[in-house]
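See structure below.
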Amino acid sequence: MTEATLTPTKTIDERGKICPYPDVDTMTTLKKMNKGEILEVLIDYPLSVERIPRSAEKNGHKVLSVKQVDGPVHSILIEVLGNK
């Protein structure tokens, strides 16, 4: 599967939020998702752009991409691997 063909199962918009909210929201959402599903996180807080991928991988998930999409906004795609 290439990045161009990835379709997120769920998208959460964390723009305008600061730590720890984007990180906590992302990890909570990942826990509710099924293995193989893909979460897209839209984020504009620089520390969370760094922390979310690290936390996701630490919790057994796979970070598929982190890319800047518009100004400070980044899209993080995470495949759920550590659940159910």
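Touching a Phe, Trp or Tyr at 6+ places or on another chain (Cβ under 7 Å), surrounded by 13 or more Cβ atoms within 10 Å (Cβ to Cβ) and not in a loop (DSSP other than H, G, I, E, B) - does that describe any residue in region 19-32? Checked against the condition, which is being touching a Phe, Trp or Tyr at 6+ places or on another chain (Cβ under 7 Å), surrounded by 13 or more Cβ atoms within 10 Å (Cβ to Cβ) and not in a loop (DSSP other than H, G, I, E, B), region 19-32 yields at least one hit. Look at region 1-27: where a residue is among the polar types (S, T, N, Q) and a partner is modelled with pLDDT of 95 or more, sitting 6+ places away or on another chain with Cβ atoms under 6 Å, you get T9/E37; T9/I38; T11/E40; T26/V41; T26/I52. Would you check which residues across region 50-67 are without any contact (Cβ under 8 Å) to a residue 40 or more places away in the chain and either in a strand (DSSP E or B) or touching a helix residue (DSSP H, G or I) at 6+ places or on another chain (Cβ under 9 Å) (or both) and list them? Hits for region 50-67 are R51, I52, S55, A56, N59, H61, K62, V63, V66, K67.
Using the structure shown, decide if I12 is at pLDDT 95 or above, outside any helix (DSSP H, G or I) and β-branched (V, I, T). Show your work before the answer.
Working: at pLDDT 95 or above: yes; outside any helix (DSSP H, G or I): yes; β-branched (V, I, T): yes.
Here the answer is yes, as I12 does meet what is asked.
Applying the criterion of being of a type in the set (D, E, K, R) and surrounded by 12 or more Cβ atoms within 10 Å (Cβ to Cβ) to the residues of region 51-84, the residue that is nearest to P20 (Cα to Cα) is R51. Restricting region 36-49 to residues that are in contact with a strand residue (DSSP E or B) (Cβ under 6 Å, 6 or more places away or on another chain) and outside any helix (DSSP H, G or I) leaves a set whose member that is surrounded by the fewest Cβ atoms within 10 Å (Cβ to Cβ) is L42.
The values are calculated or read from the model by the stated rules, or taken from the named source; none is laboratory data. Quick caveat, the model's predicted, so the values are computed rather than measured. Glycine gets a Cβ as well: all are built from the backbone with ideal geometry, and neighbour counts include every protein chain shown.
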